[in-house]
1. Label Lys217 and Asn82 with points 7 Å out from Cα along Cα→Cβ: what is the distance between them in nm?
2. With everything on Cα atoms, drop me the angle between helix 107-124 and the longest principal axis of the chain, reported from 0 to 90° to the nearest 10.
3. Give the distance, in whole Å, between the Cα centre of segment 304-337 and the Cα centre of segment 190-243.
4. Report the residue, chosen from Gln125, Gln165, Gln402, that carries the largest GNM mean-square fluctuation when the chain is represented by alpha-carbon nodes joined by springs under 10 Å.
5. Just name one of Gly40, Ile5, Gly235: the one whose Cα is farthest towards the positive end of the charge dipole of the chain (beta-carbon charges, Lys/Arg +1, Asp/Glu -1).
6. Quick check: the angle from helix 86-97's long axis to the longest principal axis of the chain, C-alpha only, nearest 10 degrees?
7. Need one number: nm distance between label points at Leu232 and Leu404, each 7 Å from Cα along Cα→Cβ, rounded to one decimal.
8. Heavy-atom accessible area of Val360 with all protein chains present, probe 1.4 Å, nearest 10 Å²?
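The values are calculated or read from the model by the stated rules, or taken from the named source; none is laboratory data. Keep in mind that what you see is a predicted model, and the values were worked out from it rather than measured. All Cβ positions, even for glycine, are placed from backbone atoms using ideal geometry, and neighbour counts span all protein chains on display. The protein model used for the area step is the full one, side chains on, heavy atoms only, and it has no ligands, DNA or RNA in it. Shrake-Rupley method; radii C 1.70, N 1.55, O 1.52, S 1.80 Å.
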Amino acid sequence: MYSKITRIKAREILDSRGNPTVEVDVYSKSKRGREEVPSGASTGIHEALELRDKGKRYLGKGVLKAVNNVNKKIAPRLRNKNCANQKLIDDLMLDLDGTANKRKLGANAILGVSLASCRLASKIQRKPLYKYIGALFNNKRFTLPTPYMNIINGGKHADNRLQFQEFMIVPKFKTFKESLRAGSETYHVLKKLIGKKYGKSSTNVGDEGGFAPNLNKVREPLKLITKAVNELGYGRRIKIAIDAAASEFYSRKGYLVDDKYLTQNKLLKVYESLVDEFPIISLEDPFSQDDSEGFVSITESLGRKVQIVGDDSLVTNVERIKKAVELKACNALLLKVNQIGTLSEALDAAKLAMDNNWNVMVSHRSGETSDSFIADLAVGIGCGQIKSGAPCRSDRLAKYNQLLRIEEELGR
């Protein structure tokens, strides 16, 4: 099979928020792999650098510098290289960049090439992408993931006064198809409840398809979600997850929750009471990204009941995961390929987490594209969890719909 890279072409396109992002085509003699790069709004300070142009064009958010880095610097380096050697492709780009956070070429430039090379190799080998990724990860058991659906927004994803950023439903049914159906039904019942109580304007959707009604207290969305779930009779099958994104409401005064500044210990008590009161199974970024002590305390207190997910604190970075493992500061990793910038590094991060008996949840970003790579990634590594927003907006549904196709192909 002819797997040499003959040409690489990048361009500037728009993401789901209407902001520029990078799209990359990687060609062999007979095939093409194309990938689009996502972008986050609530980003950790330890993430790899997303290179933006600054200046007036697109209000400073243009990505022509990253595009130029692909076309003028990366492309010549990778021409005639074997796209099926993912580690070689990624290492060559890392060496070319030469910085710890990819600030020279930009993680958005490097990632586009990394993922497009993977897709090209899967096409050349005539393998579904999830099976090709499974081979890279040495995984032969393909598991459809449980969807984590962000249906009520706060924090940086909304204009209300909710400090916690995401309130998610977690439908757990026998098949992914059933889970998606139950999630969609719950979403629409919730829409009616919100519209009736807060007005139709409160059912407008945010970046990830969730609603952002005028709520002030963290228990309010949990009560609304519980009511919607119970109306459908899904109380035992649909659980709740929270992404607090605590770095966004932390300051020197403490953690601002429900209009009060809380100490680390008092915030822990809030989480403990919420877990006792509601069917919560997952807490993501419950403390600020550098508050290791807070993560250790909540993992010790609640880690047997719920998964404690590290996102901004870990940024899909092997070294940061190693530190968290030593401290026992988490028991789950949120895997975002654009936080680290190459597929190889993301797979290394997932393997490290799994080797230490952590859970792994593959995740989208708030600025998404029509690309469905992470759906195949979640199945390929067999992590069993995916976070891809509400069952609304084509940029979110692209992932869920691809999982339906994969489930059908696997005969489940």
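1. Placing both labels 7 Å beyond Cα along the Cβ direction yields 6.3 nm.
2. Roughly 70 degrees, rounded to the nearest 10.
3. Between the Cα centres of segment 304-337 and segment 190-243 lies a distance of 28 Å.
4. Maximum among the listed residues: Gln125.
5. So the residue we want is Ile5.
6. So the inclination is approximately 90 degrees.
7. 1.4
8. Val360 exposes around 0 Å² with every protein chain in place.
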